[in-house]
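In what follows, a structure is listed as structure tokens, so that the remarks can point back to it.
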């Protein structure tokens, strides 16, 4: 039987709960489709940091390298460890070490889910540059603790980095509705964002079948609310993509539906899959977390691994559960637990197509 080795990093807060739920769904689905998932758990988290002084060991990246995929729950517990420590100590090093430059976040209103807008049927694929830009970590502080303290944070944009994320976006647009929106703030950021616009124009020449539009980030934020149906594939820098995708998640019913993939399209190392709702320490351990985003992320992982039929079955089962409306977690007005939702999705997979 074909077996896929996956590194599981449950992480913090509700991370262990949603990972366990989604992993059960994915493992059961895998068995029905004739393959297996071999998950190895890593305890790297804020608890690990408090015990060891690091978010992961010095050889953590090398420990992850042999795996075919990484499945992450959540990172962070700000009341105990500053987010700047947890993020830069675990998530960002993994993204950069394996060159996971394409952060892919689908935004779709699932059947039976009510969002804050009248946006039924909207379908946006956000593609965020994931390894450079505003999150490059270049900069520093001087004269700390004095009235003359200065902080400098430098965004790094390379032609290679911009071009490859745009090409990935154009290829995705060709698989969808042949429309791509590039997001910048080139009227104000006359170096980096004008550079991004110039690369967009150059790359677009290779994709004459894709309609290209350019938006400033503020105008795009408004368009997400007023005209979400007009958007197909949206490509943005690290920071702009991060912000827009939380807005997209809100439109689709909340962060409990926000799935994501951190991809290296070349396949040179393991890609990483995670919900983007955060660790939600206030409800940790209570079984209240919505696992749909994590289950959706697991389906994206299986699609990436080549098990497209199984991935489609999980997504279809997930849609049938949300459409029925009988099994909803508290964020959706119900009283179902995390495990209840996962069990309902697994049951739909067993039943097969409706």
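Along its three principal directions, the equivalent ellipsoid of the stretch 199-245 from the Cα gyration tensor extends over semi-axes of 20, 14, 8 Å, largest first. One quarter of the surface of the convex hull around the alpha-carbon atoms of the stretch 287-354 equals 4.1 nm², the direction-averaged projected area.
Here the chain carries DSSP beta bridges of which approximately 45% are antiparallel, counting only pairs with both residues inside. Taking the average, over residues, of other Cβ atoms within 10 Å as the packing measure, peptides 117-123, 106-112, 340-346 rank 340-346, 106-112, 117-123 from highest down. Relative contact order for the stretch 240-354: 22 percent, from Cα pairs under 8 Å spaced at least 6 residues apart, divided by residue count.
Taking square-rooted eigenvalues a ≥ b ≥ c of the alpha carbon gyration tensor, is the stretch 206-311 rounded, prolate or oblate, where a/c under 1.5 means rounded and, failing that, a/b exceeding b/c means prolate?
Oblate shape, in that a/c is at least 1.5 and b/c is the bigger or equal ratio.
I'd like the distance separating the alpha-carbon centroids of the stretch 84-140 and the stretch 296-340, in whole Å. Cα centroid of the stretch 84-140 versus Cα centroid of the stretch 296-340: 19 Å apart. Report the far tail of the P(r) of the stretch 1-107, meaning the percent of Cα-Cα pairs longer than 21 Å. Of all Cα-Cα pairs in the stretch 1-107, 40 percent lie more than 21 Å apart. Converting the Cα gyration tensor eigenvalues of the stretch 120-265 into ellipsoid dimensions via √(5λ) gives semi-axes, longest first, of 28, 19, 14 Å.
Relative contact order, whole percent, for the stretch 10-160 stands at 18, derived from Cα pairs under 8 Å and 6 or more residues apart. Across the stretch 89-200, counting alpha-carbon atoms alone, Rg and Dmax equal 18.0, 55 Å.
Taken as Cα centroids, the stretch 238-266 and the stretch 157-215 sit 18 Å apart, rounded to the nearest whole angstrom. Sequence-distant contacts, meaning Cα pairs under 8 Å at least 6 residues apart, place the relative contact order of the stretch 286-354 at 38 percent.
Placing a label point 7 Å from the Cα of residue 175 along the Cα-to-Cβ direction, the residues of the stretch 276-308 with a backbone N closer than 14 Å are 299-308.
Sorting 140-147, 98-105 by average packing, meaning the other beta carbons within 10 Å per residue, from highest down gives 98-105, 140-147. Compared with the direct C-alpha span, the chain from residue 143 to residue 347 gains 67.4 nm at full extension, assuming 0.36 nm per residue.
Packing around the peptides 204-214, 168-178, 13-23, 226-236, taken as the average count of other Cβ atoms within 10 Å per residue, puts them in this order, highest first: 13-23, 226-236, 168-178, 204-214. With the biggest extent put first, the Cα atoms of the stretch 52-96 measure 33, 20, 17 Å across the principal axes.
Calculated on the alpha-carbon coordinates, the convex hull of the stretch 180-220 measures out at 49 cubic angstrom per residue.
Each value in this text was obtained by applying a stated rule to the coordinates, not by laboratory testing. Values in this document were obtained by computation on a predicted structure and should not be read as measured data. So basically every Cβ, Gly included, is an ideal-geometry build from the backbone, and we count neighbours across all protein chains shown.
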